[in-house]
1. Select, from A50, A2, the only residue that is at pLDDT below 90 and either out of contact with any strand residue (DSSP E or B) (no Cβ under 8 Å at 6 or more places or on another chain) or in a loop (DSSP other than H, G, I, E, B) (or both).
2. Out of region 32-41, which residues are open to solvent by 50 Å² or more (accessible area, probe 1.4 Å) and assigned to a helix (DSSP H, G or I)?
3. Residues being open to solvent by less than 60 Å² (accessible area, probe 1.4 Å) and either among the β-branched types (V, I, T) or more than 17 Å from G19 (Cα to Cα) (or both): count how many of those fall in region 42-60.
4. Contact list please: Cβ distance under 8 Å, first residue in region 76-89 and over 17 Å from G28 (Cα atoms), second residue surrounded by 11 or more Cβ atoms within 10 Å (Cβ to Cβ) and among the hydroxyl-bearing types (S, T, Y), pairs at least six apart or on different chains.
Amino acid sequence: MAGYGTSSAHGQAQSRTNGLAIAGLVCGIVGVLFFNIILGPLAIIFGAVALKQAKAGRGGTGMAKAAIALGVVDLVVFAILVAVAASSGGFTWYVGG
């Protein structure tokens, strides 16, 4: 008697989505809100590598392009934040009363 999940009639479904494209997209989305100077370049790098792999048949072309675009947006947001901080006299830390 075969247990659950041991049937050989059903094979595992292979995913055609590139893991680097997903990682780049996640880095790009999270980077818009947090750690954009770190996650922006990571999104660009992961997206570029995933785009190169997508041409070899691994899939995920759209996600790879979106990751690159979001990585660029992350860096632009960081540049805007630095420019605003520089024009307003920088950051001031209030510690204590």
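The values are calculated or read from the model by the stated rules, or taken from the named source; none is laboratory data. Model, not experiment: these values are computed from the prediction. Cβ atoms come from the backbone with ideal geometry, glycine included; neighbour counts cover every protein chain shown. Just the protein is used for accessible areas: all its heavy atoms, side chains included, with ligands, DNA and RNA removed. Shrake-Rupley method; radii C 1.70, N 1.55, O 1.52, S 1.80 Å.
1. Values: A50 fails: at pLDDT below 90.
Sole residue among the options that is at pLDDT below 90 and either out of contact with any strand residue (DSSP E or B) (no Cβ under 8 Å at 6 or more places or on another chain) or in a loop (DSSP other than H, G, I, E, B) (or both): A2.
2. From region 32-41, those open to solvent by 50 Å² or more (accessible area, probe 1.4 Å) are 32-35, 37-38; that's our starting set.
Selection gives V32, L33, I37, I38.
3. 1
4. Correct list of pairs: empty, since none qualify.
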